[in-house]
Amino acid sequence: MQASRARLFKEYKEVQREKVADPDIQLACDDTNIFKWTALIKGPSETPYEGGVFQLAFAVPEQYPLQPPQVRFLTKIFHPNVHFKTGEICLDILKNAWSPAWTLQSVCRAIIALMAHPEPDSPLNCDSGNLLRSGDIRGFHSMARMYTRLAAMPKKG
Amino acid sequence: MVKVAAVNVSVDREEQVAEQLDRIESSLSSLNESPELLCAKDLLLRPIQILDEHQPVCIIDLVAQRVASSASFSSSSSLNNSNFNSNSDLFGMFHFVAHVEIVSVLTGIAPQMGLIFKRDLKKFNAIDELKKQAFHVASSSSSSSSANQEDEGLLVGDCSICLQDLSATGIDLIRLPNCSHAFHLKCILSWLKKSDFCPLCRDLCLQKS
């Protein structure tokens with residue numbers, strides 16, 4: 001069996017086993033394609049994303065785990081390191097700092113950590129980055145909160 | 001820096017191939033005359049893996065198959081007989097570079113145009129050195145020597161590259177020299193083709209600390 005397939009299958013089994021262990025992450029594999037995954041992650045507490053559930057799409061390359069998976073947000077999110085339109089994520093471990101020791105699960109954890117600790121100095125979303133860089137924390141929070149409510153929370157009534 | 005030997009080949013036309021092979025071979029025989037450069041000859045003849053999932057090939061074969069548009073090899077040396085110091089590291093004195101450019105692609109090599117392959121002998125040798133340290137768990141029942149037991153004690157868990165069990169019998173394992181992190185040999189070799197870092201701690205694992 002192809003190395004990437006074997007490894008993803010192993011991760012799949014691991015995810016099934018650990019489902020209860022990490023309530024913030026729900027990873028699921030496409031029924032027909034083991035190279036396509038989706039994840040639901042909970043917005044970290046004490047951030048404007050709290051209470052929201054964000055969907056991620058993983059496209060795993062054939063060379064995995066020697067190459068990082070491509071991850072993007074399917075749920076709209078206002079965050080300096082996430083492209084507002086495409087959902088592309090600017091995170092070093094998904095680019096040049098990738099290591100095969102990362103798993104899809106731990107990538108999710110890294111993305112949750114990125115949500116809690118934005119890096120306004122390498123922005124993909126300039127509006128969001130500028131708010132933070134100019135010190136307008138309140139403005140950033142209310143924008144991020146608004147989009148969390150609009151896009152990441154179940155509609156009421 | 002004194003240039004000791006150089007081989008330069010460019011293959012454009014069919015009739016030139018034989019001539020270029022002759023040139024390489026004569027360069028190789030000139031390398032034979034200087035014993036300290038024997039390892040350089042080794043580099044030209046040693047099979048190298050250029051792309052994943054393909055059989056390793058020699059530079060000289062690439063030229064023969066007209067896969068490489070140019071293959072060059074150079075070794076330069078800052079060594080002077082007067083200040084020869086037998087204790088110093090060989091790599092402090094010599095620096096070898098092998099360089100193959102693949103432009104026209106024949107069957108057997110993946111269709112990637114313009115791929116440039118460069119590799120330092122230093123990394124070559126470091127990886128070779130690493131391969132020599134490979135070991136495997138012979139059998140789970142025989143844990144007679146204390147060294148074996150120590151090895152097995154540290155081998156609990158999975159290879160972090162393929163996530164398969166490390167202690168499976170008969171599979172070559174490796175422990176990286178500086179950080180002692182253990183992996184399957186084939187897994188770490190495929191990673192080290194892309195990177196010089198240990199996957200677990202980002203230690204520069206091919207350099208002696």
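A few points about this structure:
- Taking the numbered list (1) within 30 Å of B:Asp165 (Cα to Cα); (2) touching a Ser or Thr at 6+ places or on another chain (Cβ under 9 Å) in turn, A:Gly52 passes all entries but (1).
Let's see how each residue does on (1) loosely packed, with under 14 Cβ neighbours inside 10 Å; (2) closer than 24 Å to A:Asn96 by Cβ; (3) touching a strand residue (DSSP E or B) at 6+ places or on another chain (Cβ under 8 Å):
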residue: A:Pro23; (1), (2), (3): yes, no, yes
residue: A:Leu56; (1), (2), (3): no, yes, yes
residue: A:Gln67; (1), (2), (3): no, yes, no
residue: A:Thr75; (1), (2), (3): no, no, yes
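- Of the residues contained in segment B:198-207, one or more are found to be more than 14 Å from every other protein chain (Cβ to nearest Cβ), crowded, with 17+ Cβ neighbours inside 10 Å and out of contact with any Gly (no Cβ under 8 Å at 6 or more places or on another chain).
- If the condition is being in a loop (DSSP other than H, G, I, E, B), of a type in the set (A, V, I, L, M) and out of contact with any Asp or Glu (no Cβ under 7 Å at 6 or more places or on another chain), then segment A:100-157 contributes A:Ala101, A:Met153.
- Residue in segment A:49-65 that is within 14 Å of chain B (Cβ to nearest Cβ) and part of a helix (DSSP H, G or I) present: no
- Qualifying residue in segment B:107-115 (condition: closer than 20 Å to A:Gln67 by Cα, modelled with pLDDT of 80 or more and outside any loop (DSSP other than H, G, I, E, B)): no
The values are calculated or read from the model by the stated rules, or taken from the named source; none is laboratory data. Quantities reported herein were computed from a predicted structural model and do not represent experimental measurements. Note: ideal-geometry Cβ built from the backbone for every residue, glycine included; neighbour counts use all protein chains shown.
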